[in-house]
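The values are calculated or read from the model by the stated rules, or taken from the named source; none is laboratory data. Just so we're clear, the structure is a prediction, and the values are computed from it rather than from any experiment. When we count neighbours, we look across all protein chains shown, and the Cβ atoms used for this are built from the backbone with ideal geometry, even at glycine.
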Amino acid sequence: MNLRAVRAIYIYEMSRTFRTLAQSLLSPVLSTSLYFIVFGAAIGSRIQEVDGVSYGAFIVPGLIMLTVITQSVTNAAFGIYFPKFIGTIFELLSAPISFLEIVLGYVGAAATKSFIIGVIILVTANLFVDLHITHPFWMIAFLALTCISFSLLGFIIGIWANNFEQLQLVPLLVITPLVFLGGSFYSISMLPPLWQTVTLFNPIVYLVSGFRWSFYENADVAVGVSLAMITLFLGLCLSVIWWIFKTGYKIRN
Amino acid sequence: MNPIVSIKKMSKTYKGGQQALREVSLDIQKGEILALLGPNGAGKTTLISAICGLIETDSGTITVAGFDIVKDYRQTRTLIGLVPQEITLEPFETVFNTVRFSRGLFGKPKDPEYIEEILKRLSLWDKKDSAIRELSGGMKRRVLIAKALSHEPQVLFLDEPTAGVDVELRRDMWQTVRQLQSSGVTIILTTHYIEEAEAIADRVGVISDGRLLLAEEKTTLMKRMGKKQLRIELQSALKEIPSALENYKLELAEDGCSLQYTYDTGQDRTGVTRLFADLSKAGIHIRDVHTSQSSLEEIFVDLVKESA
């Protein structure tokens with residue numbers, strides 16, 4: 001294992017984050033604060049409690065998930081697409097490193113960044129609403145698993161994308177709608193029965209539900225199912241990446 | 001001596017059907033400068049890319065210092081440095097960071113002193129904290145060399161190192177290449193400037209249409225294939241070449257004032273003495289003589305023409 005290479009990629013990617021600190025960390029914090037002001041304070045004050053939790057506090061796990069998922073996908077996608085775009089990928093391909101090490105470096109950095117953003121949002125949220133985390137271990141586990149899985153997905157998108165348009169396409173047309181319709185801002189029990197069934201096909205529902213459970217112990221689906229779903233998603237992404245590297249898809253040609 | 005790089009019967013066909021390499025075999029000796037010469041699209045970059053692991057080949061084997069490039073890729077890639085043809089650098093990164101990144105990527109422990117030494121050798125030290133986008137084209141190319149040298153490779157591939165570089169900078173680059181060679185690095189460079197191969201290479205390989213036409217010592221090549229021309233200026237113009245001189249296959253200039261004799265420098269007898277004697281016998285008076293040797297360029301053009 002060429003750990004020095006993993007470390008080099010990781011540090012290089014993280015330093016990019018710190019170089020663009022304002023857009024990397026500040027903008028998600030700002031947009032989350034806006035959500036709190038609009039949904040939490042302005043609209044939220046007129047909404048009754050959801051499952052015994054004030055609406056402002058109820059949306060916190062969903063909001064964190066919304067940002068973390070979007071950030072993971074875009075960061076990881078950009079991280080690997082950029083070297084492809086400017087041509088520096090030749091160096092990665094000619095270095096004595098395995099694909100596993102490349103993934104560890106890039107996905108590790110993207111996931112770390114999203115994790116940091118998630119924590120910052122949590123701290124910011126704490127300024128607006130009273131937060132109580134019932135299962136801190138599971139909260140961190142769900143957050144970390146989500147960061148890793150969606151960074152893997154982002155990596156796949158970054159390898160697949162041929163231009164910047166495609167790079168934006170999946171986050172914009174797939175991820176954002178799924179997150180919004182995945183119960184980030186509502187409990188799926190608020191939906192008519194038909195839509196509740198439809199919603200269960202949305203993988204994000206399980207993430208948000210499990211994550212929310214770690215805060216308030218109430219969930220739309222059983223927490224075990226949530227955990228199984230995210231593990232399944234992680235496994236799926238890993239299989240696709242394994243296939244990409246085995247076949248050299250869009251890399252070595 | 002075992003070659004540092006050994007290529008055996010390597011072929012590569014791209015997906016579109018273009019056959020880039022056809023059963024290329026080549027041994028590269030430790031410490032030499034080998035210039036791969038060929039027109040655009042001949043397969044030079046494909047050959048380098050295959051050795052460096054950027055593309056997969058269809059058949060054949062490549063070893064570097066005895067290690068197979070596929071099976072033992074970690075060993076072979078650690079030994080190789082690659083300077084690509086295109087300037088591919090992250091514009092916002094600093095010179096020092098980008099070189100340090102390359103060293104880490106190749107699995108070497110941190111060594112700021114060594115990076116300082118390379119940057120000084122390539123006259124980049126005072127730019128170490130500058131972002132890449134602030135550098136001139138020549139400097140960027142040197143940053144690419146610094147990155148390729150960052151992990152102390154034994155073999156350095158330079159893909160068209162002086163393409164689009166001005167004359168002065170080209171000479172600087174040659175100087176750098178010679179210095180690297182004297183520090184023990186084996187250098188393989190591709191070029192379509194024959195002048196470049198002539199100026200710095202120990203050995204020249206000619207590639208055309210995916211085939212390696214030859215790989216020979218530069219001096220042997222020029223001697224073997226080199227033709228020399230002797231131009232004889234005459235005191236008075238001739239209307240035609242006298243029949244006594246027919247065997248020499250002389251060419252008479254249009255104005256009749258000079259004769260040209262072409263001979264092979266590789267042969268024991270060039271026939272020059274006899275020619276002068278026969279000219280004198282024929283009553284032809286000589287005003288002046290010039291000789292000129294065919295350059296690598298002419299040899300190259302002839303070879304590529306022959307293969308086409």
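Got at least one residue in the range B:140-149 being in a helix (DSSP H, G or I) and surrounded by fewer than 14 Cβ atoms within 10 Å (Cβ to Cβ)? Scanning the range B:140-149 turns up no residue that is in a helix (DSSP H, G or I) and surrounded by fewer than 14 Cβ atoms within 10 Å (Cβ to Cβ).
Residue-by-condition table, conditions (1) without any contact (Cβ under 8 Å) to a residue 60 or more places away in the chain; (2) within 14 Å of chain B (Cβ to nearest Cβ):
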position: A:Met14; (1), (2): no, yes
position: A:Leu30; (1), (2): yes, no
position: A:Gly56; (1), (2): no, no
position: A:Gly79; (1), (2): no, yes
position: A:Pro96; (1), (2): no, yes
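Do we have any residue at all in the range A:174-193 that's under 17 Å from A:Cys237 (Cβ atoms) and in contact (Cβ under 8 Å) with a residue 60 or more places away in the chain?
So the first thing to find is which residues in the range A:174-193 are under 17 Å from A:Cys237 (Cβ atoms), and the list is A:174-175, A:178-179.
Now drop any that are not in contact (Cβ under 8 Å) with a residue 60 or more places away in the chain, which leaves A:175, A:179.
Checking the range A:174-193: at least one residue is under 17 Å from A:Cys237 (Cβ atoms) and in contact (Cβ under 8 Å) with a residue 60 or more places away in the chain.
Determine if the range A:114-125 includes at least one residue that is crowded, with 19+ Cβ neighbours inside 10 Å and within 14 Å of another protein chain (Cβ to nearest Cβ). No - not one qualifying residue is present in the range A:114-125.
Filter the range B:217-237 down to the residues that are at pLDDT below 85 and either of a type in the set (Ser, Thr, Tyr) or part of a strand (DSSP E or B) (or both) and list them by number. Give the steps one after another, and end with the answer.
The first filter runs over the range B:217-237 and keeps only residues at pLDDT below 85, leaving B:218-229.
Correct list: B:Thr219, B:Thr220, B:Lys227, B:Lys228, B:Gln229.
Taking the numbered list (1) buried (at least 16 other Cβ atoms within 10 Å of the Cβ); (2) touching a strand residue (DSSP E or B) at 6+ places or on another chain (Cβ under 9 Å); (3) of a type in the set (S, T, N, Q) in turn, B:Thr78 passes all entries but (2).
If we keep just the residues of the range B:91-127 that are in contact with a Pro (Cβ under 8 Å, 6 or more places away or on another chain) and assigned to a loop (DSSP other than H, G, I, E, B), which is surrounded by the most Cβ atoms within 10 Å (Cβ to Cβ)?
So the first thing to find is which residues in the range B:91-127 are in contact with a Pro (Cβ under 8 Å, 6 or more places away or on another chain), and the list is B:100, B:106-107.
Add one more test, that the residue is assigned to a loop (DSSP other than H, G, I, E, B), and what stays is B:106-107.
Details: B:Phe106: 28, B:Gly107: 22.
Among those residues, the one meeting the criterion is B:Phe106.
Only one of the listed residues (A:Val174, A:Val179) is touching a Ser or Thr at 6+ places or on another chain (Cβ under 8 Å) and of a type outside the set (S, T, N, Q). That residue is A:Val179. In this structure, A:Ile89 does not qualify as within 21 Å of the chain's Cα centre (by Cα) and touching a residue at least 40 places away in the same chain (Cβ under 8 Å). When the range A:186-212 is filtered for residues that are within 23 Å of A:Ile140 (Cβ to Cβ) and of a type in the set (A, V, I, L, M, F, W, C), the ones remaining, listed by number, are A:Ile204, A:Val205, A:Leu207, A:Val208, A:Phe211. Looking across the range B:250-280, the residues that are modelled with pLDDT of 85 or more, outside any strand (DSSP E or B) and among the charged types (D, E, K, R) come down to B:Glu254, B:Asp255, B:Arg274, B:Asp278. Report yes if some residue within the range B:55-62 is modelled with pLDDT under 90, closer than 29 Å to B:Ser136 by Cα and within 10 Å of another protein chain (Cβ to nearest Cβ); otherwise report no. Checked against the condition, which is being modelled with pLDDT under 90, closer than 29 Å to B:Ser136 by Cα and within 10 Å of another protein chain (Cβ to nearest Cβ), the range B:55-62 yields no hits at all.
Suppose we filter the range B:86-101 for residues that are closer than 14 Å to B:Gly137 by Cα and more than 10 Å from chain A (Cβ to nearest Cβ); how many remain? Full working, then the answer.
In the first step, residues of the range B:86-101 are kept if they are closer than 14 Å to B:Gly137 by Cα; the result is B:86-91, B:95.
Still in the list and also more than 10 Å from chain A (Cβ to nearest Cβ): B:95.
Of the residues in the range B:86-101, 1 are closer than 14 Å to B:Gly137 by Cα and more than 10 Å from chain A (Cβ to nearest Cβ).
If you scan the range A:199-226, which residues turn out to be surrounded by fewer than 20 Cβ atoms within 10 Å (Cβ to Cβ) and in contact with a Leu (Cβ under 8 Å, 6 or more places away or on another chain)? Selection gives A:Thr199, A:Asn202, A:Pro203, A:Val221.
Would you please name the residue that is modelled with the highest pLDDT, looking only at residues in the range A:110-146 that are assigned to a loop (DSSP other than H, G, I, E, B) and farther than 17 Å from A:Leu207 by Cβ? If you could, list the steps in order and put the result at the bottom.
First pass over the range A:110-146, keeping only residues assigned to a loop (DSSP other than H, G, I, E, B): A:129-135.
After this cut, where a residue has to be farther than 17 Å from A:Leu207 by Cβ as well, the list is A:129-132, A:134.
Values: A:Val129: 82, A:Asp130: 81, A:Leu131: 83, A:His132: 84, A:Thr134: 90.
By that ranking, first place goes to A:Thr134.
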